[in-house]
Every structure is written in C-alpha cells, then in structure tokens.
Amino acid sequence: MFAKLKTLAIALHQDERGDMAQIVLAVALIVIPLMLLLLAFGKQIGEWFNEKNTALSDAERIPEPGQ
C-alpha cells in the first residue's frame, strides 16, 4: 500500500503539464495591474517625464577641466 502511495506521490511531483498555466497566470498577475496603472496615470507619468527631461536639458552643463 505504501509503495503505491509513494509511486503516486512521485508521479504527481513529476507531472509538469500545469507549468504553462502557472507561468501565464504569474505573467497576467504582473501585467494586468501595470496596465491598469498606466491607463489611470499614464498622462501624469508622461508629463512628469517631460518635466524631468526638460530640467535635464535646461541644466547648466559642467565645463570641461581647463576651460
């Protein structure tokens, strides 16, 4: 009886048919909230990046040594 249970446990442990579903679920759990955040705050995020880019572009450049 224990030999059959051991064989069944080993077979269930080695069964990899559900791996793809787990990967798809994990990716979906990451991507869906990111998409919702981008839909909700996308315009504000874009404006923030534009402000930072402008600040970097307008910043005074550090002169080269010896100039």
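Taking 0.36 nm per residue of sequence separation and removing the Cα-Cα distance, the Gln44/Ala21 pair yields an extension gain of 4.8 nm.
Across the stretch 19-35, rounded Karplus estimates of 3J(HN,Hα) from the backbone phi angles (6.51 cos²θ - 1.76 cosθ + 1.60, θ = phi - 60°) give 5, 5, 5, 5, 5, 4, 5, 5, 5, 5, 5, 8, 6, 4, x, 5, 4 Hz, Gly and Pro being marked x.
A short reminder: the numbers here are calculations on the coordinates, not readings from a lab. If you're wondering where the values come from, they're calculated on a predicted model, not measured in any experiment.
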